[in-house]
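Just so it is clear, none of the values below were taken in a lab; they were calculated from the coordinates. As the structure is a computational prediction, the values presented were derived from the model and not from experiment. Positions of Cβ are backbone-derived with ideal geometry, glycine not excepted, and every protein chain shown enters the neighbour counts.
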Amino acid sequence: MSPVEVTRGDGPVVLGLPHTGTHVPDAIGDRLNARGHALADTDWHIHRLYDGLLEGVTLVRATFHRYVIDANRDPEGASLYPGQNTTGLVPLTDFDGEPIWDAPPDEAEIEARRAGFHARYHAALAAELARVRDRHGAAILYDCHSIRSRIPFLFDGVLPDFNIGTNGGTTCDARIEAAAQEICAGAAGYSCVLNGRFRGGWTTRHYGRPETGVHAIQMELAQSAYLTAEAPPWTYDPDRADALRVHLGAILTALRDMAPKLKGTT
């Protein structure tokens, strides 16, 4: 199985999907413990949630699971959130802080996974962003994520439904951030936050360089907003999802329509 799937569109928006994959090669899966085999920290059904929302969008999707290697972490292993609980390039625990390996990988194995999975995903993503920028004068990377709304190991309380990350406004034009925030804040029945617990992962921070014509924004959704329950079997709730898709479609449309205004701002 290829570690990355690309669906190429002719518009200015690129969707990054680093955490929807569930493929674990047998040689790696044999080393996971029972808790690891549950793959609980998947961004469940996110590719389905965004499917068909924007004509002409490009998708870059990792097919491998984040327990193989996390495509949204610094390849050098630096923490995204120093001083806070988080998971690393190859997670040793799940989001509840529980071990997931019977035999954790050593540095040589991590390096092999970097080359075979992480680097290939990002080579594809970088190529698509360059292609889109060359075509439109600007590229907008919208990095798609979701997570359980209650995870005491990672954060206190209940996560808002929409969690917008731009690393303090540094990864995109201010108009992109404002448009996403306005739509989320105006979505009746939903909560939102800008640059709260999730400020944008390595992907958003690495590619989001407005001065080069590449703008990046991360959307971390609470899974309670579109799943029947935040527990196995992680069932997609069509009614909840369809209601959420209205607002996600509005965000993507606003970003697409903004792209011509970003030309010449580099």
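In this structure, does Gln223 turn out to be in contact with a Cys (Cβ under 9 Å, 6 or more places away or on another chain) and under 15 Å from Tyr50 (Cβ atoms)?
Criteria not met by Gln223.
If you check Arg73 against the conditions, is it in contact with a strand residue (DSSP E or B) (Cβ under 7 Å, 6 or more places away or on another chain) and among the charged types (D, E, K, R)?
no
Of everything in segment 54-79 that's more than 13 Å from the chain's Cα centre (by Cα) and of a type in the set (D, E, K, R), which residue is farthest from Arg199 (Cα to Cα)?
Glu55
Starting from segment 94-109, keep only residues that are among the aromatic types (Phe, Trp, Tyr), then list their pairs with residues that are not in a loop (DSSP other than H, G, I, E, B) whose Cβ atoms are within a distance under 8 Å, requiring at least 6 positions of separation or different chains.
If the second residue must be not in a loop (DSSP other than H, G, I, E, B), the pairs left are Phe95/Ile147; Trp101/Leu32; Trp101/Gly36.
Might you let me know whether segment 242-262 holds any residue that is in contact with a Lys or Arg (Cβ under 6 Å, 6 or more places away or on another chain) and within 30 Å of Gly36 (Cβ to Cβ)?
no
Restricting to segment 85-130, give me the number of residues that are among the acidic types (Asp, Glu), crowded, with 19+ Cβ neighbours inside 10 Å and outside any helix (DSSP H, G or I).
1
Check off (1) in contact (Cβ under 8 Å) with a residue 40 or more places away in the chain; (2) touching a Pro at 6+ places or on another chain (Cβ under 9 Å); (3) of a type in the set (A, V, I, L, M); (4) farther than 21 Å from His45 by Cβ for Leu80 and give me the number that stays unchecked.
With respect to (1) in contact (Cβ under 8 Å) with a residue 40 or more places away in the chain; (2) touching a Pro at 6+ places or on another chain (Cβ under 9 Å); (3) of a type in the set (A, V, I, L, M); (4) farther than 21 Å from His45 by Cβ, Leu80 is out only on (2).
Cys144 is checked against (1) more than 29 Å from Gly213 (Cα to Cα); (2) of a type outside the set (D, E, K, R); (3) surrounded by 22 or more Cβ atoms within 10 Å (Cβ to Cβ); (4) in contact with a Phe, Trp or Tyr (Cβ under 9 Å, 6 or more places away or on another chain) and fails just one. What number does that condition carry?
That leaves (1) as the condition not met.
Only residues in segment 137-162 that are basic (Lys, Arg) count as the first member; pair them with residues that are not in a loop (DSSP other than H, G, I, E, B), Cβ under 7 angstrom, at least 6 apart or cross-chain, and list the lot.
Arg148/Gln223
Kindly list, by first and then second residue, each pair from a residue in segment 200-227 that is more than 16 Å from Leu15 (Cβ to Cβ) to a residue that is of a type in the set (Val, Ile, Thr) and surrounded by 22 or more Cβ atoms within 10 Å (Cβ to Cβ), limited to pairs with Cβ atoms under 6 Å and residues at least 6 apart or on different chains.
none
Conditions first: (1) touching a Lys or Arg at 6+ places or on another chain (Cβ under 9 Å); (2) crowded, with 22+ Cβ neighbours inside 10 Å. Thr204 passes all but one, so which condition is the exception?
Of the numbered conditions (1) touching a Lys or Arg at 6+ places or on another chain (Cβ under 9 Å); (2) crowded, with 22+ Cβ neighbours inside 10 Å, the odd one out for Thr204 is (1).
Would you kindly identify the strands (runs of 3 or more DSSP E) lying entirely within segment 132-224 that contain at least 2 residues that are within 26 Å of Ala78 (Cα to Cα) and of a type in the set (Gly, Ala, Ser)?
Passing ranges, in order: 214-222.
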